[in-house]
Amino acid sequence: MHHQVNPDHFSRLINLFATAPVQQIFAGSSMQLEKGVCRIQYPVSPSLFHGAGALHGSAYFKLLDDAAYFAAATTSPTYFLLTAKFDIKLLRPVHEGLLTAVGNLENVTERLLMASARLLNGAGQPVATGTGQFAFSTTRWENLDGYRS
């Protein structure tokens with residue numbers, strides 16, 4: 001499963017991320033990739049707050065999952081990945097500012113890629129951490145509109 005990565009792979013992954021319909025909810029997000037590493041920045045929007053005025057846990061999950069997922073995806077040049085398992089630890093509430101999710105590929109087996117992520121607030125404090133397992137699908141990246149365009 002590990003072949004030479006097309007030099008366009010990273011920019012195509014970033015486009016796939018940016019053009020996904022769910023990104024309309026996470027407006028203003030941006031992504032940077034290098035081999036085995038993903039960094040996502042998200043300016044916190046009150047539209048994702050729960051009733052007590054802080055960022056909903058689903059947003060923490062999405063940012064951590066994406067960071068870990070795309071860190072793993074940098075090393076999968078042919079096949080779309082699927083999140084098989086993702087564990088999250090919430091550390092502190094977020095009320096405002098720019099969040100940064102940093103994902104790192106940790107381990108690769110024949111069937112799974114393992115990656116971790118941490119979510120940092122504007123002061124650089126961790127607000128959540130996560131670890132995920134990602135499986136190879138049978139869908140090729142090149143068959144996805146957001147990857148090709």
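Please treat every number below as a calculation from the coordinates, not as lab data. Nothing here was measured: the structure is a model prediction, and the numbers come from that model. Glycine gets a Cβ as well: all are built from the backbone with ideal geometry, and neighbour counts include every protein chain shown.
Per residue, how much space in cubic angstrom lies within the convex hull of the C-alpha atoms of the chain?
On the way: hull volume 15.1 nm³, N = 149.
Dividing the Cα hull volume of the chain by its residues yields 101 Å³.
Under a Gaussian network description of the chain, with springs only between Cα atoms under 10 Å, the residue in Leu91, Leu113, Leu63 that fluctuates furthest is Leu91. Count charges around Gly130 for me, please; just the other residues with Cβ under 13 Å from its Cβ, Lys/Arg as +1, Asp/Glu as -1. After counting each charged neighbour, the total is 0. Charge dipole of the stretch 25-149 (Cα centre as origin; +1 on each Lys and Arg Cβ, -1 on each Asp and Glu Cβ, all else neutral): 100 debye, rounded to the nearest 20. Computed from Cα atoms, the angle from the helix 57-73 axis to the main principal axis of the chain rounds to 20 degrees. Please give the helix 9-19 orientation as an angle from the longest Cα principal axis of the chain, in degrees from 0 to 90, rounded to the nearest 10. Value to nearest ten degrees: 40.
Counting only helical runs of four or more DSSP H residues, what would the 222 nm mean residue ellipticity of the chain come to if each run contributes -39,500 (n - 2.57) and the total is spread over all its residues?
Numbers: 3 runs with 32 residues, N = 149.
Taken over the chain, the calculation gives -6500 deg cm²/dmol.
Ordering of 92-103, 25-36 by packing is 92-103, 25-36, highest average first (other Cβ atoms within 10 Å, averaged per residue).
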